[in-house]
Amino acid sequence: MLQKIEIEGFKSIKKMSLQLSPINILIGSNGVGKSNFVSFFKLVNNLYEQNLESYSMRIGVDRLLYYGQKHTSCVRGFLDFGSNAYRFELAPTQKGSLMITTEESIYANRSDVYPRYNLRESSIKDSKFTRDEYLRDRFKSYKIYHFHDTEMNSQLRSRECSVDDNAILKADGGNLPAYLYLMQQKYPKALRRIEMGIRSVMPYFDRFVLEPRKLDPNKIKLEWRDSTDIDKYFDALDLSDGSLRFIALATLLMQPELPQTIIIDEPELGLHPVAIAKLAGMIKSAAQRGCQMIISTQSVELINHFSPEDIITVDRRNGQSVFNRLDSDHLRVWLEDYSLGELWDKSIINGQPSL
């Protein structure tokens, strides 16, 4: 589990150090830096995937550096996993990208340091060393899940996907039918648990109907049966936005083999309060199974289901993002009369929601 993270010179984050827990829920108004913190993990993932040059050129170096190159010369990161750690420093190149110009250091057992210098791309992915394998297992899970786009032509609502596109659930849910079909074939009990979770929020849902297309066996689409008409099949086009998002969230959080880390941006979008309560339960369950949870939210209802120690407030002060974890002892008197969400809404705690 990632125990501590340090970030310097990245987007709205001038300099920060934060202890992390099994559950980390970031709250704050629009524009304070929640998404920037989350996107730092995307930077690390692209660094690991040896896609740093392409990613930084596409996003733009000035957008990645704190107030641009005129104010910031490099991005620094330090990720402490307890027995192992990783440090890197990225600086702009003449090509308009970032590269590892100063160091990429791997700490094995907290005593031995293995620095590497002047790299265009990270060498962790191709390395055969055990210390790098440890980091690989974590960095490859740094995907930012966001099931926001539910338009008719979106990937999540698309009618078909490849049956074999099932290695992991994609960040936008575009391969949801294939991933569920894989579970049907290999983990039927896990699929039934997911269906039960969906029915607890969507009583009209009976079960999935997951079969490759007869005319094209290489394709599959999301089909399901309604509990009131089990003879008729429905597909993703028949689901509301909130229902489709909840199905994707249930699949992500209840899958039989969880990744090391799950990062979700505003999972509450479009969900009924009953579904949000169920979502909170799934987040806690995933954390109990050993998956570290990092969630960005603006939902007062969602944080009501968690303890103060699970919550990180994010505020913008003096032109930079500031992060603080809540403490039950400091809020004990307030929590006797108010819920955590009410304290947030009343501005008793930082990271106030937007008006």
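Considering only residues that are in contact with a Leu (Cβ under 8 Å, 6 or more places away or on another chain) and open to solvent by less than 30 Å² (accessible area, probe 1.4 Å), which ones fall in the range 283-301? Step through it out loud before you land on a result.
Residues of the range 283-301 in contact with a Leu (Cβ under 8 Å, 6 or more places away or on another chain): 283, 285-286, 289-292, 294-297.
Selection gives 283, 286, 291, 292, 294, 295, 296, 297.
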Subject >> Number of positions in the range 1-26 that are modelled with pLDDT under 95 and either closer than 20 Å to residue 72 by Cβ or buried (at least 19 other Cβ atoms within 10 Å of the Cβ) (or both) >> reply: 0
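Having 2 or more residues that are more than 30 Å from residue 8 (Cβ to Cβ) and in contact with a Gly (Cβ under 9 Å, 6 or more places away or on another chain) is the bar; report the helices (runs of 4 or more DSSP H) wholly within the range 262-337 that clear it.
273-288, 300-303
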**OP:** Just give me the residues in the range 42-59 being open to solvent by less than 20 Å² (accessible area, probe 1.4 Å) and outside any helix (DSSP H, G or I), in sequence order.
**Re:** none
**OP:** Go through (1) surrounded by fewer than 19 Cβ atoms within 10 Å (Cβ to Cβ); (2) without any contact (Cβ under 8 Å) to a residue 40 or more places away in the chain; (3) in contact with a Lys or Arg (Cβ under 7 Å, 6 or more places away or on another chain) one by one and return the number of the condition residue 211 breaks.
**Re:** (3)
**OP:** Could you please give the count of residues in the range 43-90 that are more than 22 Å from residue 138 (Cα to Cα) and of a type in the set (A, V, I, L, M)?
**Re:** 5
Subject >> Among (1) part of a helix (DSSP H, G or I); (2) on the phi > 0 side of the Ramachandran plot, the one test that residue 194 misses >> reply: (2)
Original post:
If residue 70 satisfies every condition in (1) modelled with pLDDT of 95 or more; (2) farther than 16 Å from residue 99 by Cβ; (3) of a type outside the set (Gly, Ala, Ser) but one, which is the exception?
Top reply: (1)
**OP:** Sort out which residues of the range 120-140 are in contact with a helix residue (DSSP H, G or I) (Cβ under 6 Å, 6 or more places away or on another chain) and either among the β-branched types (Val, Ile, Thr) or not in a loop (DSSP other than H, G, I, E, B) (or both), and write them in order of number.
**Re:** 124, 139
Original post:
In the range 265-282, is there at least one residue being more than 22 Å from residue 183 (Cβ to Cβ), surrounded by fewer than 19 Cβ atoms within 10 Å (Cβ to Cβ) and among the acidic types (Asp, Glu)?
Top reply: yes
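So, residue 73, is that one more than 17 Å from the chain's Cα centre (by Cα), among the small types (Gly, Ala, Ser) and open to solvent by 50 Å² or more (accessible area, probe 1.4 Å) or not?
Answer is yes for this residue.
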Subject >> Single condition residue 234 does not satisfy, out of (1) in contact with a Leu (Cβ under 8 Å, 6 or more places away or on another chain); (2) crowded, with 16+ Cβ neighbours inside 10 Å >> reply: (1)
Subject >> Pair list, Cβ < 6 Å and 6+ apart or interchain, from the range 45-71 residues that are within 25 Å of residue 316 (Cβ to Cβ) and without any contact (Cβ under 8 Å) to a residue 12 or more places away in the chain to residues that are open to solvent by 10 Å² or more (accessible area, probe 1.4 Å) and of a type in the set (Asp, Glu) >> reply: 68/62
Original post:
Regarding residue 324, is this residue closer than 17 Å to residue 26 by Cβ and more than 20 Å from the chain's Cα centre (by Cα)?
Top reply: no
**OP:** Scan the range 144-198 residue by residue and report those that are open to solvent by 60 Å² or more (accessible area, probe 1.4 Å), in contact (Cβ under 8 Å) with a residue 12 or more places away in the chain and within 18 Å of residue 245 (Cβ to Cβ).
**Re:** 146, 149, 152, 155, 159, 170
Subject >> residue 250 being at pLDDT 95 or above and either of a type in the set (Lys, Arg) or touching a helix residue (DSSP H, G or I) at 6+ places or on another chain (Cβ under 6 Å) (or both) >> reply: yes
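Keeping to the range 314-324, report how many residues are within 21 Å of residue 262 (Cβ to Cβ) and either among the aromatic types (Phe, Trp, Tyr) or surrounded by fewer than 20 Cβ atoms within 10 Å (Cβ to Cβ) (or both).
Matching residues across the range 314-324 total 1.
The values are calculated or read from the model by the stated rules, or taken from the named source; none is laboratory data. This is a predicted model, so every value here is computed, not measured. As a convention, Cβ positions derive from the backbone with ideal geometry for all residues, glycine included, and neighbour counts pool all protein chains shown. Quick note on the areas: whole protein, heavy atoms, side chains included, nothing else; ligands and nucleic acids left out. Shrake-Rupley method; radii C 1.70, N 1.55, O 1.52, S 1.80 Å.
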